[in-house]
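Read the structure below first, then the notes.
The values are calculated or read from the model by the stated rules, or taken from the named source; none is laboratory data. Values in this document were obtained by computation on a predicted structure and should not be read as measured data. Counting neighbours? That spans all protein chains shown, and the Cβs are built from the backbone with ideal geometry, glycine included.
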Amino acid sequence: MGRNRFFSHRSNVYLIPVLFIFAIAACTKPQITFTSVYNGDNSTNVVQVDTFSVQLTTVFLDSFTTSGTATQLIGRYNDPYFGRITSQSYTDIGVPSPLPVITNYSIYDSIQLIMRIDRSYYGDTSRVQHYSVSQLTQVMNYPGTQKAFFNNNSIPFSPTVLGSTDIQINPTGGITSQRFGDTVKFTMPQSMGEELFGLLYRQPDTIKNASIFRGYFKGLTVYPDTTKPGAVFGFKDTMALRIYYHEPGVVTVRKTTEFRMINQNTQFNQISVDRIGTPTESLTRANPELPSTASGNKAFLQPITSLYIKMLFPTISNLLGYPDYLAIMKAQLVIKPVQGTYDPVYRLPPQVNLSLTNQANTIGATLPLGGGNLNIDYLYGANTNYSWDITPYIQSIILQGAPNNAKNGLMIVVPATLFNTTLFRAVIGDSYNLQKSNRIILNIYYASYY
C-alpha cells in the first residue's frame, strides 16, 4: 500500500490546536486542522494513502413521482449506455374562466393546442421531432391509494390522433421552426372545436360545472414518434386549447378563449426505458443491482430512469490496524466520469450529492457537502471530476467496523430539483477501470506516530 509522509512536528510542551499546511502531489496544499492529535514522544507525521478501494454498484430504484413538477417532458432519444428513453405527458384540461359570452352572432373559426417550450432538453436537438396529441379515455385520478403519479403510470387514451406536428426546436434560442417564438401549435379537429364552442354558447352543466366537464373531456396526452428519436424537450405547464372565433359587423372583432390546464399537481410524465443491448440491460425490479466489476468497471447514474450509484468503503476500518495510525485528518473523494461517455449531447449532471444508504438501497439523509464542484475537461477528458471533502463521514464509519461498511454506504444522487425533470447522466469509473485517469479515488490523510 502506497503511503506518503508529508511532515513531522516536534514540541517539548503540550500545544493548543495548530493549523498545518502540507504539500501533496501536483503541488496542491490542502489545509488540515489538528485538534489534540499528538503522540507520547512529541512527534506527529501526516501520511497520505489512496489505495483503499471504493466499491461501486449501479442500483435500480424503481418508481418515483413525476407529477406536479411544472415541467412537461416530451420526446425520445437513444443512449448507448442507458438505452432508448421515451417521455410522454398527460394533462388535465378545464373550462375557461370566466366563461366567454357567446351570442347567436358569434362565429367559430378554428381550434389549436398551444404549448410553450421551457428551454430544457436532452439529446440531439438538430433532429426534427414528430409529436402527436390524443384524448384520454379515463379521468386523471390517482391510481389506488397513490397520492401522486409516478414515472411508470399511464392513463388510457384513444388511438385516434387529434393533431400532430413536425417541428425542430432550438431550446437555447427559445424558438421553433413554426416561427411563433417559444410556442408549439397543433391544429386540432374542427369537430372538437365546434363541439366545445357549442357548449360555451349553450352553457349546460357540462361547461358550468368543472367536475362534470372533467368527466366529459378527461384530458390530453402528447407523445413522440418512437421511430424518430432525437431529444427529450421540456415544456411549461401552460398547455391550453385555444378556440378562435369572431363577431361579425362593420368591423370584424376577432376573439379567443382557452380551455387551460387545471390542477398542475396531476400533470405528469410517463418515462419508459428500453435497455436491451446496453451495459445496463440486466437492471430490473427483480435484479436491481449491477456491480461495476460486472459492467466493465463502470457504474451508471441517471435518476430519471431510476439508476443510482451506491458506494461502499468495505476496507476503510483496516486503517485502525496500522501500527502508526493516530487519527484521520482529511478524506477527499474524487469520482471521475469515464472519458468518451459524455459530451454536449450526453451532458453530465451539473451537481451531484451524496446521501446515506443501507443494504436495502434506501436513500437517506443528504450529507451537507455541496454539489461536487464539477470540473469538465472536454478536450482530454482526463481531468473531469466531482470532488468532496468527506472527512466527517469517514471518521464516523471507520469506527463502525467492516461488517457495517460492507452493507451501508453512500448513494450518488442529484438534487431534488433535478432528479425527475432532467435526463442528465454519468458513467463513473471504479477503482479498477482500465483508464487510470478515470478511476474513483479516496485520498486519506492520517496522523501517524512516525
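Looking at this structure, is residue 260 assigned by TED's automatic domain parsing to the domain that holds residue 130, within 20 Å of residue 155 (Cα to Cα), in contact (Cβ under 8 Å) with a residue 24 or more places away in the chain and not in a loop (DSSP other than H, G, I, E, B)? Yes: the conditions hold for residue 260. Does residue 119 satisfy the criteria of being more than 21 Å from residue 285 (Cα to Cα) and at pLDDT below 95? Judged against the criteria, residue 119 is a match. Considered as a group, the residues in region 406-436 that are modelled with pLDDT of 90 or more and of a type in the set (Ser, Thr, Tyr) include one that is surrounded by the fewest Cβ atoms within 10 Å (Cβ to Cβ), and that residue is 432. Number of residues in region 106-116 that are more than 29 Å from residue 271 (Cα to Cα) and either of a type in the set (S, T, N, Q) or at pLDDT below 95 (or both): the value is 2. Kindly check whether there is at least one residue in region 114-124 that is part of a loop (DSSP other than H, G, I, E, B) and touching a residue at least 40 places away in the same chain (Cβ under 8 Å). The answer is yes; a qualifying residue exists. Where strands (runs of 3 or more DSSP E) sit wholly within region 406-450, those with at least 2 residues that are more than 22 Å from the chain's Cα centre (by Cα) and touching a residue at least 12 places away in the same chain (Cβ under 8 Å) occupy 441-448. Checked against (1) in the same structural domain as residue 89 (by TED's automatic domain parsing); (2) more than 30 Å from residue 75 (Cα to Cα); (3) out of contact with any Phe, Trp or Tyr (no Cβ under 6 Å at 6 or more places or on another chain), residue 266 meets all criteria but (2).
Conditions (1) crowded, with 20+ Cβ neighbours inside 10 Å; (2) among the aromatic types (Phe, Trp, Tyr); (3) in contact with a Gly (Cβ under 9 Å, 6 or more places away or on another chain); (4) within 17 Å of residue 111 (Cα to Cα), marked per residue:
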position	(1), (2), (3), (4)
173	no, no, no, no
197	yes, yes, no, yes
220	yes, no, no, yes
226	no, no, no, no
230	yes, no, yes, no
238	no, no, no, yes
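Take residue 255 and decide whether it is surrounded by 13 or more Cβ atoms within 10 Å (Cβ to Cβ), within 40 Å of the chain's Cα centre (by Cα) and in the same structural domain as residue 133 (by TED's automatic domain parsing). No: the conditions fail for residue 255. Of all residues in region 419-428, none satisfies being more than 30 Å from residue 270 (Cα to Cα) and of a type outside the set (Val, Ile, Thr). The residues in region 117-139 that are under 9 Å from residue 232 (Cα atoms) and surrounded by fewer than 17 Cβ atoms within 10 Å (Cβ to Cβ) can be counted, and the count is 2. Among the residues making up region 381-405, those that are more than 30 Å from residue 272 (Cβ to Cβ) and within 21 Å of the chain's Cα centre (by Cα) are 385, 387, 388. Just one of the listed residues (352, 345) is touching a Gly at 6+ places or on another chain (Cβ under 6 Å), among the β-branched types (Val, Ile, Thr) and closer than 23 Å to residue 80 by Cα, and it is 352.
From the list 340, 381, the one residue that fits, being surrounded by fewer than 18 Cβ atoms within 10 Å (Cβ to Cβ), within 25 Å of residue 124 (Cβ to Cβ) and either among the acidic types (Asp, Glu) or touching a residue at least 40 places away in the same chain (Cβ under 8 Å) (or both), is 340. Checked against the criterion of being among the aromatic types (Phe, Trp, Tyr), surrounded by 18 or more Cβ atoms within 10 Å (Cβ to Cβ) and in contact with a helix residue (DSSP H, G or I) (Cβ under 7 Å, 6 or more places away or on another chain), region 73-93 contains one or more residues that satisfy it.
Among all residues of region 353-362, there is at least one that is without any contact (Cβ under 8 Å) to a residue 24 or more places away in the chain and surrounded by fewer than 17 Cβ atoms within 10 Å (Cβ to Cβ). With the structure loaded, tell me whether residue 161 is out of contact with any helix residue (DSSP H, G or I) (no Cβ under 8 Å at 6 or more places or on another chain), of a type in the set (A, V, I, L, M) and exposed (fewer than 15 other Cβ atoms within 10 Å of the Cβ) or whether it fails that test. Here the answer is yes, as residue 161 does meet what is asked.
Only residues that are within 30 Å of residue 342 (Cβ to Cβ) and in contact with a Phe, Trp or Tyr (Cβ under 8 Å, 6 or more places away or on another chain) were counted across region 126-155, and they come to 4. If the condition is being closer than 13 Å to residue 99 by Cβ and part of a loop (DSSP other than H, G, I, E, B), then region 193-231 contributes 203, 204, 209.
Could you check, for region 177-185, whether at least one of its residues is touching a residue at least 12 places away in the same chain (Cβ under 8 Å), closer than 24 Å to residue 347 by Cβ, among the aliphatic types (A, V, I, L, M) and out of contact with any Gly (no Cβ under 7 Å at 6 or more places or on another chain)? Yes, region 177-185 contains at least one residue that is touching a residue at least 12 places away in the same chain (Cβ under 8 Å), closer than 24 Å to residue 347 by Cβ, among the aliphatic types (A, V, I, L, M) and out of contact with any Gly (no Cβ under 7 Å at 6 or more places or on another chain).
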